[in-house]
Each structure stands twice: as C-alpha cells, then as structure tokens.
Amino acid sequence: MEILVAQYAGFCFGVKRALEMAKSALKDNQEIASLGPLIHNPQVVARLEREGLRVVDSLQEVACGRLLIRSHGSPPEVYAAATAVGLEIVDATCPFVARAQRAAAELQRDGYGLVVVGDRDHAEARGILAHAGGSGYIVEHPDEVAELELPWRVGLVAQTTQRLDRFQAVVSAVLERVEELRACNTICRATSQRQESAVRLAEQVDVMIVVGGYNSANTSRLAELCRDTGTATYHVETAREVSPTWVADVERVGVTAGASTPQDAIDAVCVRLRDLEEASDGPMGK
Ligand code: SF4
C-alpha cells in the first residue's frame, strides 16, 4: 500500500506562532490563561495545560496575570475588558486574521454593509464582525443571501479558512442583489495551499484520511473538499481511530491534516497505516 502525504498539511504559520508565543509565556511563572482552547486540537491543548496554561470560558475566571489571545483573534470588547481589570495581553492573533479584521473595519467605515462569509458560531468569524462594529451578517452558504436585508452597497470578507468556491458563490449571490460590491479575499494562503493539495491528492488515491480536531473548522473543510472529489474520506483526531476496514484492499491512501494538527499526529497516522498493512501480512487485505 502506498501512503501519500499532501504537500501542504499540518501546522500553519499562525498556529506555530501562537504556540511559540504560548510556550515562551509559560516560561515565566506568572499566570497565563486563554479564553477557550488556544488551537482547535484537544491533544495539543491538553499538553499546554499540563505545562501550565489555563483554558477558561470567561474573563471572570481570570483574576490576574496574562490573557493569551488565540490565533483566530478576539472581539475588541475582550481587549477592553481584559485591560480594564489589569490583565496583560499576549496577542497571538494571526496576522492574516488581523488583516481580515482590518478589511471588515475599513469596509464598515467606508459605508458598506458587511457580509462575512464564515461559520456563524466560529470565534474568528464573530471576531471579524465585531471588529467592524458588530452590525452585518455572517453567511455560511449562498442560499442564505436571499433572506438578508442588504443595503445598496455591500462589502464582503471571508473567514480565513473558508473554501474559495463558497466565497465566490456568496459574492455572486450578493452581486445580484446590490448596486455596489467590494469583495476582499481574506482566505489565507496556508488555507488555500492545504485545500488545493488535499484535493489534488484525493483525486489520486482510493482513500483519504484527514487528521485534526473535530472542533477544527479548517480540518472539517479539508474533509468536506476531499469527500466532494468522490474519494472515501475519513476525519480522525488520532491514529488509533483509523479502522483496518477503511484501508482493506486499497492500493493508495492519502493523508492530510488541518492547520492546527501537529506533525507527530500526521506521523502517527502513517505509522498506524504501515502497522495495519503489516498485520494483514502484505498489501492491505490481500
Ligand atoms: S489558517 Fe491562516 S489565518 Fe488561520 S492561523 Fe493559520 S495562517 Fe493564520
């Protein structure tokens, strides 16, 4: 069985940067907390918690010390509230997320009604909207556009991990309803590289394994894109979840991983696939 790993898979620049900032902050003995998990990978977050990072659900739980802002950013109110109670801010917002926040704020300032193409419940999409004053819409699918009350001119930005085809479809749907449209493609390069290489690989293999947190939007999107190619696709968080039945009788397996998946999780999946092959005594299932 041939195991092929996507050209671009695993940790992106923004996640690596956030982890480095967290690790360097943990070297001091001062308390440090993140509002929600630092990245969408439970195994990595558990490791950081063992090293001393507190993961909290609300600012009220942080009495003193430092607040680590995650790579997908926070609304301006969080900065203001943290500063007001004397917390020091360690800002790990990815520069590409910050660019999307700025683009949204500029569109709002220039008088455009704002549409953010993203996941309605995702902190990054909500944060982008909040940086533009909070008014506007988060749209997940082009079909939702018909229901929106849109002004005559609209500005669009994307959550950085969106699919380009979905962003384009929302742009077209909005364009039919407004006189003026300004679309800023704020999908980050790391996301498009991971999506393009996942699809290229999915088209060449019998089965795709996508590794990453179940709560990771960009990992779920990779799995969705691979499935769209017609190739059997499985999303796993850990190597142990890879079932022997998925790869029985297959010749080529592709592996890819979301931007919040560490290299060791990708390696573990490859080792697991090799072990399954050896256990079946030769090419899988033969
Ligand atoms: S996926 Fe892109 S925007 Fe998000 S953290 Fe990684 S590099 Fe930054």
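The values are calculated or read from the model by the stated rules, or taken from the named source; none is laboratory data. Predicted, not measured: the structure shown is a model, and the values here were computed from it. Here the Cβ positions follow ideal geometry from the backbone for every residue, glycine too, while neighbour counts run over all protein chains shown.
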**Q.** Where residue 54 falls short, out of the listed (1) touching a residue at least 60 places away in the same chain (Cβ under 8 Å); (2) outside the structural domain of residue 138 (by TED's automatic domain parsing)
**A.** (1)
Q. Do we have residue 181 as without any contact (Cβ under 8 Å) to a residue 40 or more places away in the chain and within 16 Å of the ligand (Cβ to nearest atom) here?
A. no
Q: Search the range 144-172 for residues being without any contact (Cβ under 8 Å) to a residue 12 or more places away in the chain and either closer than 18 Å to residue 224 by Cα or buried (at least 22 other Cβ atoms within 10 Å of the Cβ) (or both), and hand back the single one that is nearest to the chain's Cα centre (by Cα).
A: 165
Q. Counting just the residues of the range 184-203 that are without any contact (Cβ under 8 Å) to a residue 40 or more places away in the chain and aliphatic (A, V, I, L, M), which one comes out farthest from the ligand (Cβ to nearest atom)?
A. 199
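Give 139, 85, 90 a once-over and let me know the one that is touching a helix residue (DSSP H, G or I) at 6+ places or on another chain (Cβ under 8 Å), buried (at least 20 other Cβ atoms within 10 Å of the Cβ) and not charged (D, E, K, R). I'd like the intermediate steps shown before the answer.
Numbers: 85 fails: buried (at least 20 other Cβ atoms within 10 Å of the Cβ); 90 fails: buried (at least 20 other Cβ atoms within 10 Å of the Cβ).
On inspection, the qualifying residue turns out to be 139.
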Q | Neighbours by Cβ (under 9 Å, 6+ apart or cross-chain): first from the range 244-265, on the phi > 0 side of the Ramachandran plot; second assigned to a loop (DSSP other than H, G, I, E, B) | A | 249/206; 249/283; 249/284; 249/285; 249/286
Q.
Filter the range 60-101 down to the residues that are in contact with a Ser or Thr (Cβ under 8 Å, 6 or more places away or on another chain) and on the phi > 0 side of the Ramachandran plot and list them by number.
A. 73
